[in-house]
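Report on one structure; see the data block that follows.
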């Protein structure tokens, strides 16, 4: 960084630190001297390891964000949620039905939803969490799968739910049910698996494996490329 | 952080040429042109970025300094007293690493009837797998075949790949995809169930399958859910700091380290699978990386000390499109799918200078050349230089809404910092992405150390000197399954001798005998050190 660094004050678990204003929360934690063990994963917004709860001094409202995806703000009080003791049903995906009853069997608490929408409000991915729980209640598994798709399973929704629903585990069950039972399997894929098993390509592969380096290069450089 | 007025001004040049570029066709480079750009601009060719190893199986082979520093370091157990016969875990198969390869290996090992333990340094699923957005290759369409896939893989790898591993990769690919589909991974499909597929860099057929742009995340969360459903034992925040061998030099377990309490624990196993991933967090040549926090190459270190052979560790993959702006997401992976959907790299004058779908090494080198030799890069106020990636082209080519539908993660990650990639191009620069090499394996994931297996990015040989997009998600599933299946089956016939760390003592003696200056370094690194950095 060549530019001058403007510092601002944040509170990490109540303790004050001066950090550059351009940093994300994660970089600010490290700048302050923390070598993270928990609360840090992919550093790119995919893994959900760094769910962070914060409040700005003088404001009562609790806000959230992924530490790697949220910039620091002046007088931010922050703490991370590195783990949430959520319940997960264990099931054999090959022996289920894609119905509302199936989801209700594993997660009956979804019907205790009181419609407070705290889950949606807290979701750092901006998902309509309460909405997809509604879809699950009504057996609209396709819509539940679609709406929950971008979930990173950070656990913030479950941490706020007065009905103690574990939304993200409902979401993955719905997605697996949808993909396995409601979407047709790819016919071309099954055919190809059978062809490989029956040895259809063994000869062609053997030719390539034993080809001379020059022959292989020639084949590669002259191969036809499917038009974009 | 939205684009500054200066950058906005430059953006008008990109917009001005867009229609013309949409009409035209930019030719791919010829074989000699590719060779030229690689030799002159690929970071692997920078002579003083590597050095020859001073000891071990690969003595004399060149590897990046950052890795050599760790291979030429002492064990973390140097001054630790351990009772190796005091077992905390005693299992059939020990899987080290909780990414996609580790999860697949654990599932398949258990299917062989083995008692499996999976340990992982961070959370289960914190791995490069979750970050792979673009796709997974498999030759499953009518105009494609495993042989065509084979040719793409081996050509992309500059004909250096181990043929048997390429055969395994391409022939197993359809079954690997079918396995994931059957487990309920939500691939993007047509109404009738046909898998959607597009091109990736270096593919000759449209065989890149995807789950929107959360492909790796979808595969990881499905496999993780399955591991949990099957009651497999998983211990998180537990790394392996050394392998244990028995008296005959066979792998027989590991010394584990509780990342939170700092205690060491002994795990005995009949077979061991290293699935520890890559090493982007070693920041070779100071590059920013797309890798997850734990990618410190631990498996390479402990495997090498135990006598396993490395291959292709002098070749690193730089992803052509890491984010160069905004600074908060420097190095963030911009999926190759963006180019697969039609976005072109464009220089400061708004001119295209390379076909968007060259192989990654060629594409990255062409971008570096455009900036370093031709001076056509765009400089930001932090001093970072990049070129544009013209994402708005995608909606023009495929219709409005395509970007938001196909690239929701990208849209979100840029929007968080004030850049709207539907309307504005991204600024990019190559980022350290993938360890092409690793510990050399055979078709069943075996190393030259008996009962030691490797799967995933930690393994070497499959991709030769350059991996194609979509072959890493494929590789972790194919070789994770192969290693798990074999290690699980073999374990039944293994009798483990007395656990020993003699190889570590011998390694230390060799360091001293060769007069290697370890500079106080210990390895594996376990976690990168980012404290007190201002960016």
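The values are calculated or read from the model by the stated rules, or taken from the named source; none is laboratory data. The shown structure was predicted, so the numbers you read here are calculated from the model rather than taken from an experiment. Glycine gets a Cβ as well: all are built from the backbone with ideal geometry, and neighbour counts include every protein chain shown.
Check B:185, B:175 and return the single one that is crowded, with 23+ Cβ neighbours inside 10 Å, facing another protein chain (nearest Cβ under 7 Å) and out of contact with any strand residue (DSSP E or B) (no Cβ under 8 Å at 6 or more places or on another chain).
Numbers: B:175 fails: crowded, with 23+ Cβ neighbours inside 10 Å.
Unique residue meeting the criteria: B:185.
Taking only the stretch B:143-158 into account, find how many residues are at the interface with another protein chain (Cβ under 7 Å from one of its Cβ atoms) and either without any contact (Cβ under 8 Å) to a residue 24 or more places away in the chain or touching a helix residue (DSSP H, G or I) at 6+ places or on another chain (Cβ under 6 Å) (or both). It would help to see each step written out before you state the result.
Kept after step one, since they are at the interface with another protein chain (Cβ under 7 Å from one of its Cβ atoms), are these residues of the stretch B:143-158: B:143, B:145-147, B:150-151, B:154-155.
Still in the list and also either without any contact (Cβ under 8 Å) to a residue 24 or more places away in the chain or touching a helix residue (DSSP H, G or I) at 6+ places or on another chain (Cβ under 6 Å) (or both): B:145-147, B:150-151, B:154-155.
Count: 7.
Is the stretch A:73-81 home to any residue that is modelled with pLDDT under 90, under 23 Å from residue B:329 (Cα atoms) and either away from every other protein chain (no Cβ under 14 Å) or not in a helix (DSSP H, G or I) (or both)?
So the first thing to find is which residues in the stretch A:73-81 are modelled with pLDDT under 90, and the list is A:81.
Cutting the leftovers down to under 23 Å from residue B:329 (Cα atoms) gives us A:81.
Then drop every residue that is not either away from every other protein chain (no Cβ under 14 Å) or not in a helix (DSSP H, G or I) (or both), which leaves A:81.
Scanning the stretch A:73-81, I find at least one residue that is modelled with pLDDT under 90, under 23 Å from residue B:329 (Cα atoms) and either away from every other protein chain (no Cβ under 14 Å) or not in a helix (DSSP H, G or I) (or both), so the answer is yes.
Considering A:56, A:93, which residue is buried (at least 18 other Cβ atoms within 10 Å of the Cβ), over 17 Å from residue B:530 (Cβ atoms) and modelled with pLDDT of 95 or more? Outline the logic, then answer.
Details: A:56 fails: buried (at least 18 other Cβ atoms within 10 Å of the Cβ).
After ruling out the rest, the residue left standing is A:93.
Among B:277, B:331, which is the only one that is under 14 Å from the mean Cα position of the chain (by Cα) and either in contact (Cβ under 8 Å) with a residue 12 or more places away in the chain or under 21 Å from residue B:365 (Cβ atoms) (or both)? Quick ask: steps written out before the conclusion?
Working: B:331 fails: under 14 Å from the mean Cα position of the chain (by Cα).
Result of the check over B:277, B:331: B:277.
Name the residue that is modelled with the lowest pLDDT, counting only residues in the stretch A:32-44 that are surrounded by 22 or more Cβ atoms within 10 Å (Cβ to Cβ) and at the interface with chain B (Cβ under 7 Å from one of its Cβ atoms).
A:44
May I ask you to list the residues in the stretch B:510-535 that are over 16 Å from residue B:304 (Cβ atoms) and outside any loop (DSSP other than H, G, I, E, B)?
If the condition is that a residue be over 16 Å from residue B:304 (Cβ atoms) and outside any loop (DSSP other than H, G, I, E, B), then B:512, B:513 are the ones that fit.
Out of the helices (runs of 4 or more DSSP H) lying entirely within the stretch B:1-80, which hold 2 or more residues that are surrounded by fewer than 14 Cβ atoms within 10 Å (Cβ to Cβ) and in contact (Cβ under 8 Å) with a residue 12 or more places away in the chain?
Numbers: elements: B:5-23, B:31-41, B:65-71.
Of the helices (runs of 4 or more DSSP H) lying wholly inside the stretch B:1-80, those with at least 2 residues that are surrounded by fewer than 14 Cβ atoms within 10 Å (Cβ to Cβ) and in contact (Cβ under 8 Å) with a residue 12 or more places away in the chain span B:5-23.
Could you tell me whether residue B:131 is surrounded by fewer than 24 Cβ atoms within 10 Å (Cβ to Cβ) and either within 7 Å of chain A (Cβ to nearest Cβ) or at pLDDT below 95 (or both)? Before you say what the answer is, go through the steps one by one.
Values: surrounded by fewer than 24 Cβ atoms within 10 Å (Cβ to Cβ): no; either within 7 Å of chain A (Cβ to nearest Cβ) or at pLDDT below 95 (or both): yes.
No.
Just for the stretch A:1-24: of the residues that are facing chain B (nearest Cβ under 10 Å) and surrounded by 16 or more Cβ atoms within 10 Å (Cβ to Cβ), which one is nearest to the chain's Cα centre (by Cα)?
A:24
Residues being within 23 Å of residue B:406 (Cα to Cα) and part of a loop (DSSP other than H, G, I, E, B): count how many of those fall in the stretch B:126-141.
First, the residues of the stretch B:126-141 that are within 23 Å of residue B:406 (Cα to Cα): B:127-141.
Subset that is part of a loop (DSSP other than H, G, I, E, B): B:127, B:132-135, B:138-141.
Selection size over the stretch B:126-141: 9.
Being crowded, with 21+ Cβ neighbours inside 10 Å and either modelled with pLDDT under 95 or within 14 Å of chain A (Cβ to nearest Cβ) (or both) is the filter here, so list the residues in the stretch B:430-456 that pass it.
Correct list: B:431, B:432, B:433.
Among the numbered criteria (1) farther than 30 Å from residue B:160 by Cβ; (2) within 12 Å of chain B (Cβ to nearest Cβ); (3) at pLDDT 95 or above, which one does residue A:125 miss?
(3)
Can you work out which of the residues in the stretch B:340-355 that are crowded, with 22+ Cβ neighbours inside 10 Å and modelled with pLDDT under 95 is farthest from residue B:136 (Cα to Cα)?
B:341
For the stretch A:154-186, give me each residue that is buried (at least 18 other Cβ atoms within 10 Å of the Cβ), part of a loop (DSSP other than H, G, I, E, B) and at the interface with chain B (Cβ under 7 Å from one of its Cβ atoms).
Listed by number, the residues that qualify are A:183, A:186.
So residue B:196 passes all but one of these: (1) in contact with a strand residue (DSSP E or B) (Cβ under 8 Å, 6 or more places away or on another chain); (2) more than 8 Å from chain A (Cβ to nearest Cβ); (3) farther than 20 Å from residue A:180 by Cβ. Which condition number does it fail?
Of (1) in contact with a strand residue (DSSP E or B) (Cβ under 8 Å, 6 or more places away or on another chain); (2) more than 8 Å from chain A (Cβ to nearest Cβ); (3) farther than 20 Å from residue A:180 by Cβ, only one is false for residue B:196: (3).
Does any residue in the stretch A:67-84 that is in contact (Cβ under 8 Å) with a residue 60 or more places away in the chain come within less than 6 Å, Cβ to Cβ, of a residue that is in a loop (DSSP other than H, G, I, E, B) six or more places away or on a different chain, and which pairs are these?
Filtered contacts from the stretch A:67-84: A:72/A:23; A:75/A:57; A:79/A:13; A:84/A:155.
Is there a residue being in contact with a strand residue (DSSP E or B) (Cβ under 6 Å, 6 or more places away or on another chain), buried (at least 22 other Cβ atoms within 10 Å of the Cβ) and part of a helix (DSSP H, G or I) anywhere in the stretch B:308-318?
no
Based on this model, can you work out whether residue A:138 counts as farther than 27 Å from residue B:215 by Cβ, at pLDDT below 95 and more than 8 Å from every other protein chain (Cβ to nearest Cβ)? Step through it out loud before you land on a result.
Details: farther than 27 Å from residue B:215 by Cβ: yes; at pLDDT below 95: no; more than 8 Å from every other protein chain (Cβ to nearest Cβ): yes.
So residue A:138 fails the test.
Does residue B:48 meet the test of being modelled with pLDDT under 95 and farther than 19 Å from residue B:426 by Cβ?
Details: modelled with pLDDT under 95: yes; farther than 19 Å from residue B:426 by Cβ: yes.
Yes; evaluated as a whole, the condition is true for this residue.
Test residue B:121 against the stated conditions and say whether it is at pLDDT 95 or above, touching a strand residue (DSSP E or B) at 6+ places or on another chain (Cβ under 7 Å), part of a loop (DSSP other than H, G, I, E, B) and more than 7 Å from every other protein chain (Cβ to nearest Cβ).
On the way: at pLDDT 95 or above: yes; touching a strand residue (DSSP E or B) at 6+ places or on another chain (Cβ under 7 Å): yes; part of a loop (DSSP other than H, G, I, E, B): yes; more than 7 Å from every other protein chain (Cβ to nearest Cβ): yes.
When the stated conditions are applied, residue B:121 passes them.
Taking the stretch B:36-61 as the region of interest, how many residues are touching a helix residue (DSSP H, G or I) at 6+ places or on another chain (Cβ under 9 Å) and within 24 Å of residue B:363 (Cα to Cα)? It would help to see each step written out before you state the result.
Quick first cut of the stretch B:36-61, residues touching a helix residue (DSSP H, G or I) at 6+ places or on another chain (Cβ under 9 Å) only: B:37-46, B:48-58.
Checking the rest, the ones that are also within 24 Å of residue B:363 (Cα to Cα) come to B:37-46, B:48-50.
Looking only at that region, the number is 13.
Matching residues to (1) within 14 Å of chain B (Cβ to nearest Cβ); (2) assigned to a loop (DSSP other than H, G, I, E, B); (3) under 23 Å from the mean Cα position of the chain (by Cα); (4) touching a residue at least 24 places away in the same chain (Cβ under 8 Å):
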{"residue": "A:87", "(1), (2), (3), (4)": "yes, yes, yes, yes"}
{"residue": "A:91", "(1), (2), (3), (4)": "yes, yes, yes, yes"}
{"residue": "A:119", "(1), (2), (3), (4)": "no, no, yes, yes"}
{"residue": "A:133", "(1), (2), (3), (4)": "no, no, yes, yes"}
{"residue": "A:145", "(1), (2), (3), (4)": "yes, no, yes, yes"}
{"residue": "A:151", "(1), (2), (3), (4)": "yes, yes, yes, yes"}
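Any residue in the stretch B:292-315 that is more than 30 Å from residue B:253 (Cα to Cα) and either in contact with a helix residue (DSSP H, G or I) (Cβ under 8 Å, 6 or more places away or on another chain) or without any contact (Cβ under 8 Å) to a residue 24 or more places away in the chain (or both)?
Taking the stretch B:292-315 and keeping what is more than 30 Å from residue B:253 (Cα to Cα), we get none.
No - not one qualifying residue is present in the stretch B:292-315.
On the given criteria, is residue B:218 farther than 29 Å from residue B:440 by Cβ, within 11 Å of another protein chain (Cβ to nearest Cβ) and not in a helix (DSSP H, G or I)?
Working: farther than 29 Å from residue B:440 by Cβ: yes; within 11 Å of another protein chain (Cβ to nearest Cβ): yes; not in a helix (DSSP H, G or I): no.
In short, no.
Here's the yes/no breakdown for (1) facing another protein chain (nearest Cβ under 7 Å); (2) surrounded by 13 or more Cβ atoms within 10 Å (Cβ to Cβ); (3) modelled with pLDDT under 95; (4) part of a loop (DSSP other than H, G, I, E, B):
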site	(1), (2), (3), (4)
A:188	yes, yes, no, no
A:199	no, no, no, yes
A:216	yes, yes, no, no
A:219	yes, yes, no, no
A:226	yes, yes, no, yes
